[in-house]
Ligand code: IMP
């Protein structure tokens with residue numbers, strides 16, 4: 001691959017992503033057999049992960065999305081806003097939140113508080129990446145694709161100022 005000015009290095013290749021997403025799909029399918037889970041994708045970072053994960057889910061399920069906003073550039077603002085809410089009620093449903101990355105945990109902390117009042121039967125988190133060293137809130141994802149260091153990553157749905165979401169791999173962003 002030619003050198004890319006925005007890329008420090010590739011962290012997780014397309015092949016590694018596909019293999020791990022396949023495993024996660026099998027694990028979640030086994031855990032939710034007979035339960036018809038609702039997968040809630042958190043836009044926009046989840047898009048590629050969500051689509052690939054769903055292709056590996058073998059139980060009947062439904063899909064819905066939320067759009068939350070908390071980041072500007074390479075830093076979490078700590079202020080989370082709901083830009084788009086769920087279309088359907090989650091009362092009595094087994095909810096799996098699908099998120100690109102848990103960093104400070106502030107976004108998911110806000111979301112969990114918000115969803116717990118809506119009467120779901122259960123709520124679990126599935127994140128592609130976990131950056132535990134940067135945590136500021138108590139959030140414990142049940143399903144984690146990869147644990148990463150405290151570096152800013154891009155690709156496979158993750159952006160820097162809305163760019164690079166389309167990269168098929170996860171890379172470390174090179175600051176200019
Ligand atoms: P948190 O609230 O700090 O856990 O951050 C959650 C959101 O910040 C994620 O859903 C991402 O959209 C964004 N984010 C956190 N770390 C990164 C990163 O390394 N690259 C791109 N986006 C990130």
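The values are calculated or read from the model by the stated rules, or taken from the named source; none is laboratory data. Keep in mind it's a predicted model, so treat the numbers as computed, not measured. A quick note on method: Cβ atoms are made from the backbone with ideal geometry, for glycine too, and the neighbour counts reach across all protein chains shown.
Restricting the range 128-150 to residues that are surrounded by fewer than 19 Cβ atoms within 10 Å (Cβ to Cβ), in a loop (DSSP other than H, G, I, E, B) and touching a residue at least 24 places away in the same chain (Cβ under 8 Å) leaves a set whose member that is farthest from the ligand (Cβ to nearest atom) is 138. Of all residues in the range 1-35, those being more than 20 Å from the chain's Cα centre (by Cα) and in a loop (DSSP other than H, G, I, E, B) number 9. Could we say that residue 63 is more than 21 Å from residue 103 (Cα to Cα), in contact with a strand residue (DSSP E or B) (Cβ under 6 Å, 6 or more places away or on another chain) and either surrounded by fewer than 17 Cβ atoms within 10 Å (Cβ to Cβ) or modelled with pLDDT under 95 (or both) here? Spelling it out, residue 63 is indeed more than 21 Å from residue 103 (Cα to Cα), in contact with a strand residue (DSSP E or B) (Cβ under 6 Å, 6 or more places away or on another chain) and either surrounded by fewer than 17 Cβ atoms within 10 Å (Cβ to Cβ) or modelled with pLDDT under 95 (or both). Restricting attention to the range 96-118, does a residue exist that is more than 11 Å from the ligand (Cβ to nearest atom), modelled with pLDDT of 95 or more and assigned to a strand (DSSP E or B)? Yes. Filter the range 151-165 down to residues that are in a strand (DSSP E or B) and more than 8 Å from the ligand (Cβ to nearest atom) and give me whichever is surrounded by the most Cβ atoms within 10 Å (Cβ to Cβ). Applying the filter and picking the extreme gives 155.
Note on the range 1-46: residues that are closer than 16 Å to residue 169 by Cβ and surrounded by 19 or more Cβ atoms within 10 Å (Cβ to Cβ) amount to 5.
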